[in-house]
Structure formats: structure tokens, C-alpha cells
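The values are calculated or read from the model by the stated rules, or taken from the named source; none is laboratory data. These figures come from a predicted structure and were not determined experimentally. Methodologically, a virtual Cβ is constructed for each residue, glycine included, from the backbone with ideal geometry; neighbour enumeration extends over all protein chains shown. Quick note on the areas: whole protein, heavy atoms, side chains included, nothing else; ligands and nucleic acids left out. Shrake-Rupley method; radii C 1.70, N 1.55, O 1.52, S 1.80 Å.
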Amino acid sequence: LDEIGDNYEYFHDYHKNETSIEPCDLVKASHEEVSSDQTSSPGILLIVEAEDVDLASSKNLKKILTSAMKKVGLTIVSASTNSNSDGNTIASIILREGYVIARSMPGHKYCGFDIHLWSRFDKHEAVKAALLSAVGSKTSSSSSYRIIAGGMFGTRSWKEDEKLRGPQQDDICDLFEPMSNKEEDTEIKGAKESSIDGVMKESVRLLQGKNQKVALVCGSDCASSAKLQSIESVEQVVVLTCPTMEGFNEFDEGASDALGTCEKSLTITLEDISENGKVDTLVIDSTADKMTASILLKVISKKHLAKEVFKPQVKVLSTFVKESDKWIMHLLKVIRNDIFGRDFAFYSEVSFDSENSSFKLLIASKGEEDFIKNLKGNFGHFEKEAGMTASFEEIGGGLWKYQEDFKPSKSYTPDDYETTAPLEQWRTQVALGHQIVFQLEAKEDKKDKLFLSNALVRKALELALLKSSLPRFEPKDIKSIEEYNEAGDGYVLVSMWAGGSVTVVWNGKDHIDINIFIYKRDKALDALEAFDKNLKRSLSSMTTILRDEQPRGVGRVVSYWDDIEEDVEPHWA
């Protein structure tokens, strides 16, 4: 960064957005009375991997975690644990606001958390911090990410949750309220002639050196010629005008002859220019008419003539003072695209504003590599001459410069990249289990016929558990399924056994979240796929709309256990 000499070197395309919505208006609207009908039931599942935990055993896990939840102000409905012969424990805490599943593996100093809230989303970070502290881990020894999930219809606090959902910009809006109450006026109001003349003078001076030749397109009243001639760096002003275009009517009998005469006159003038020194600057005056400018464009579109008329570094200047001048914008953009073509070619609009006046300076530039830097650097001179504030409205670069037979100074290979930290992470990651979170909603052709109930959802879960050959799952484990149906209109089911856990959340209408986890075992992934199929077989009117699948474990694990082989390095190492 210290070696960058031009901060604007890579500016190529920029446009000021004048149609953006005022954020504070949205905030005010969000604070209006919430509808009496709940139309959505969002939820957020926060996945937390806590490492280097300080748990000698998991005997007190339930007590430790419930105490942490109470401290952050959540309401506990029930809590239970399930331990297996490996010394691992799964704890389930059902809350009025959601649920927490914790998986403690003391042998790996690890505890994984699933924090699914459908209410009080603002508590997520506090819950995470409390749980990490409860198991003796630290933020630096943990990792986390979120999954957008379903929630629960009919919760007691859904109206308050609706207001708290999303970015909270109240403080920002209070700070900038005086600014947000002031409507931005983007209408061109016009300006004093002296201000416009001053800006045009500074624009011509942008080209370095003296003895400049300026071509001026104007109407019958060409007072700008003398003003341009008075600039010390200008040696000659060549006027490009067509008297036959004054009062031109395309439907007149002599319209065709008038056009031909104008084209011939401009061609002769331009050819004469090419023989007596090329043009540094082309100015489109406010008195110029659209038809004359169009004929000029046609003439210089003959590329051999454009090369003979314009110097390698040239500018086209004009101003936009009233709405009827918009054709000048289009003209300069066409010159940038079709006449100037490749970089370094630019089109720029600089807006000048004061309380009661405004106008735009329009510039098309060719051959100046540091155009944006030089233009920005002259804003101070512009503002002094105009007595107005200057700002970029638009910057448009030309076609990227083509480099024939380009050969890079260096071709990078994988060996050029630093792999020490990624390789260390790869070697230390250990997948201890596998998790799938999938979300179901009605099929498109079944939305009007979908019927769900607590009994139906529970039956579907029981059948999927019994038929899927999940590792270490026994038929008797069906009896330990916990249920909760007082959070709102929906239903929560939690099943824990020696080989894993599954949590099902039905929002009370048309959405079901399934969160299933299993410890690392042979053929465990096949059992998860079977569980998915068996569950949907019972819920045949529903389909998977979202599926998140991830390994769980230590070393900031990101790879499935099937992809991690002992003593085998990744191909990029």
C-alpha cells in the first residue's frame, strides 16, 4: 500500500446512487404498530464449537448449563441428559424461547452447542458467552456460525421479536436525524454564467502545456469563443458552426440540402484543422444545437479523420445546465465509447451545487492515464472559481486496454502460496460426529392440502428412528422422547440415545426443522440418509427446502471424517 502513488488508479466505473432509500425512513416504518396477524416464524440456529473446555467429567453438565441460561434471562422448561459408555454426554435444555443441545466429550476437551432460538434473538451472543464460560472455554478457543431456520408461531413475545429482528439503527438515526429530515434535491437548478465560465476555464487548464488549440461547437451567438481565447494557455480557438441549422425543420423541403451543407462545412473545417495542428480540447457550447452536434459526430466517426483532428491526449467539455441539455450527456458518452474507445478513455460528470443553484460539468477524456487523479486534484480550483461545492456524479471508463501477446511478469503456482497455517489446521482437525439440519415445507401442489398435528409429527419421528439403523439406537429409546407444546402454536420433540440426538421443531403451520447428530461410526452417514428418507416417507406432502450438513469436532474441523485419512497430506500441501 505504501507504494501506491495514485489512489484513483483503478477507478473505472462509478455512479452516485440518487435513488437509494433513506434507512431512517425504514426504521421509522418498522417502529409503527406491528400487524395483529403473525405472518412468519423465523428462527436462528447458532452452532458453537468450544475447545479446550475445563470439564473433568459431564456429571454436572445439566446443572452448569441451566444455571448459565438463567443468568442470561431465558426461561427453562425442562432439562435432561444422556451419557454413553464412552464417557460422552448429550444435554438437552428446552426453553420457552428455543432450545439448547450440548455434547460434551471430556476426552477431547470439547463441547459442541446447538443454540436454536425462535424468540429473543438478541440473546444469542449472551447465551454463547455464558455457555463458553460455563464449560471453561474461551472465545479464542471456539468457533461459531449461524443457520437460518424456522421458528414458532404464536409465541408470547412475537411482536417484540418482530421489532428486534434485523439491524438496529435507532442510535444512528437519532444521531443523524437533522440530516435525514432534509430531503436531498437532485434537480438541476441552473447557475450564474460567471460560475460556469470559471469552471470551463479550469477544465481547459487541466491539459498541461501552452499553445493549446480549442475547437468550439456553438450556435449563431458564439460569445464563448472570446472567453476561451482569453485563457492564457489557449493559442487558437476554431469555431465549428452551421448557419444552415438555425431554425432547422426536418420537414422543410430544403432540410436535406441544409444537412448536406452543414456536413460539408464541418468536414472542410476539420480537414483544415488537421493540416494546421491538432485539437487539444473540443468544447460543446450551451448555444450549440443537437443537429449540428450529431452531424459533427458523424464526421469525426470516420476514424482516420478523428486521428488526424485530435491529439493523442484530448478532452471534450460541456455543461449540463437545464433538462433539455441531456442530449449532450449522450453525445459525450458516444464519443467516449465509439471515438475514443479503449483505455485510457473516460467519461465523467462533476456536479456543482450551492443552496440555490446547480449544474454539471461533463468531460470525455482520452489518453490521460491519471485523469481521475488530476480531475479530483483540481476540485479546489473548481470550487473557488464557481463558489460552489463539487462532487463526482459519474465516472465511466472506456474499454479495457488490450495488450497483444500479453505475457505476465510472473505466473503463480500453488507452491507460491503460504500453506503453513492451513496445513496445521488440516492436521489438527478431528471430526467427532456429523450433523444434518434439514427443513421441510409443503410441496408446491400440496400447500392447500397440508395437514400436520402433534401426533402426526411424533409418529413420523418414531418410525424414522426405528427404521433407519441409526448407530446404537435401540427400540426402547423411543420411550425417552421428550416433547414440549407450550412455546406457541407448534411442537418440539427431542430424542437422545447413546449414538446421537435428534430435535424436531414444528412451527405450528407449515414448516418443520430437523436437527440430527450422530457420533463417528462406520456406516453412520448411510444411516443419516436413511433417516431423511424414512421421515419424508411419513410426511409425504412435504419436501426439503434447505439442508445444512457439517462435521462437528475439534481443530476447527471443516472436513468430513471420510475425507481425512491418517498420514495422507492434502493435494495442495
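Structure summary
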item	result
Per-region count, region 457-493, residues within 20 Å of T544 (Cα to Cα) and touching a residue at least 24 places away in the same chain (Cβ under 8 Å)	14
Output for region 296-347, where each listed residue is part of a strand (DSSP E or B), open to solvent by 10 Å² or more (accessible area, probe 1.4 Å), in contact with a Leu (Cβ under 8 Å, 6 or more places away or on another chain) and without any contact (Cβ under 8 Å) to a residue 60 or more places away in the chain	F310
Members of region 181-220 found to be open to solvent by 60 Å² or more (accessible area, probe 1.4 Å), outside any helix (DSSP H, G or I) and modelled with pLDDT under 80, listed by number	N181, K182, E183, E184, D185, T186, E187, K189, Q208, K210
Counted residues, region 348-379 - those being farther than 13 Å from S391 by Cβ and surrounded by fewer than 23 Cβ atoms within 10 Å (Cβ to Cβ)	12
K376, sole failed condition from (1) in contact with a Pro (Cβ under 6 Å, 6 or more places away or on another chain); (2) closer than 21 Å to V199 by Cα	(1)
Among (1) surrounded by fewer than 16 Cβ atoms within 10 Å (Cβ to Cβ); (2) in contact with a Ser or Thr (Cβ under 9 Å, 6 or more places away or on another chain); (3) free of Cβ contacts under 8 Å to residues at least 60 places away in the same chain - the single one N454 does not satisfy	(2)
Residue check for E51: more than 29 Å from E474 (Cβ to Cβ), touching a residue at least 24 places away in the same chain (Cβ under 8 Å), within 37 Å of the chain's Cα centre (by Cα) and open to solvent by 20 Å² or more (accessible area, probe 1.4 Å)	yes
Candidate set from region 106-133 (those that are small (G, A, S) and in contact with a strand residue (DSSP E or B) (Cβ under 9 Å, 6 or more places away or on another chain)); member that is surrounded by the most Cβ atoms within 10 Å (Cβ to Cβ)	S119
From T389, T420, T413, residue being without any contact (Cβ under 8 Å) to a residue 40 or more places away in the chain and in contact with a helix residue (DSSP H, G or I) (Cβ under 7 Å, 6 or more places away or on another chain)	T389
Number of positions in region 71-105 that are closer than 23 Å to T139 by Cβ, outside any loop (DSSP other than H, G, I, E, B) and either charged (D, E, K, R) or open to solvent by 40 Å² or more (accessible area, probe 1.4 Å) (or both)	2
Index of the failed condition, W426 passing every other in (1) of a type in the set (F, W, Y); (2) in contact (Cβ under 8 Å) with a residue 24 or more places away in the chain; (3) open to solvent by 70 Å² or more (accessible area, probe 1.4 Å)	(3)
Pairs with Cβ under 6 Å, 6+ apart, first in region 259-283 and part of a helix (DSSP H, G or I), second open to solvent by 50 Å² or more (accessible area, probe 1.4 Å)	T261/T244; C262/T244; S274/E308
Failed item, numbered, when T389 is tested on (1) surrounded by fewer than 12 Cβ atoms within 10 Å (Cβ to Cβ); (2) within 18 Å of M200 (Cα to Cα)	(1)
Matching residues, region 465-501, being more than 25 Å from H511 (Cα to Cα) and not charged (D, E, K, R)	S469, P471, F473, P475, W497, A498, G499
Residues of region 473-494 satisfying the condition of being charged (D, E, K, R) and open to solvent by 30 Å² or more (accessible area, probe 1.4 Å)	E474, K476, K479, E482, E483, E486, D489
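Rundown of residues vs (1) hydrophobic (A, V, I, L, M, F, W, C); (2) touching a helix residue (DSSP H, G or I) at 6+ places or on another chain (Cβ under 6 Å), yes/no style:
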{"residue": "L266", "(1), (2)": "yes, yes"}
{"residue": "E271", "(1), (2)": "no, no"}
{"residue": "F310", "(1), (2)": "yes, no"}
{"residue": "V314", "(1), (2)": "yes, no"}
{"residue": "S324", "(1), (2)": "no, no"}
{"residue": "I339", "(1), (2)": "yes, yes"}
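The rows are residues; the columns are (1) in a loop (DSSP other than H, G, I, E, B); (2) closer than 23 Å to G43 by Cβ; (3) under 35 Å from the mean Cα position of the chain (by Cα); (4) modelled with pLDDT of 90 or more.
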{"position": "Q425", "(1), (2), (3), (4)": "no, no, yes, no"}
{"position": "G433", "(1), (2), (3), (4)": "no, yes, yes, yes"}
{"position": "L440", "(1), (2), (3), (4)": "no, yes, yes, yes"}
{"position": "R458", "(1), (2), (3), (4)": "no, yes, no, yes"}
{"position": "L461", "(1), (2), (3), (4)": "no, yes, no, yes"}
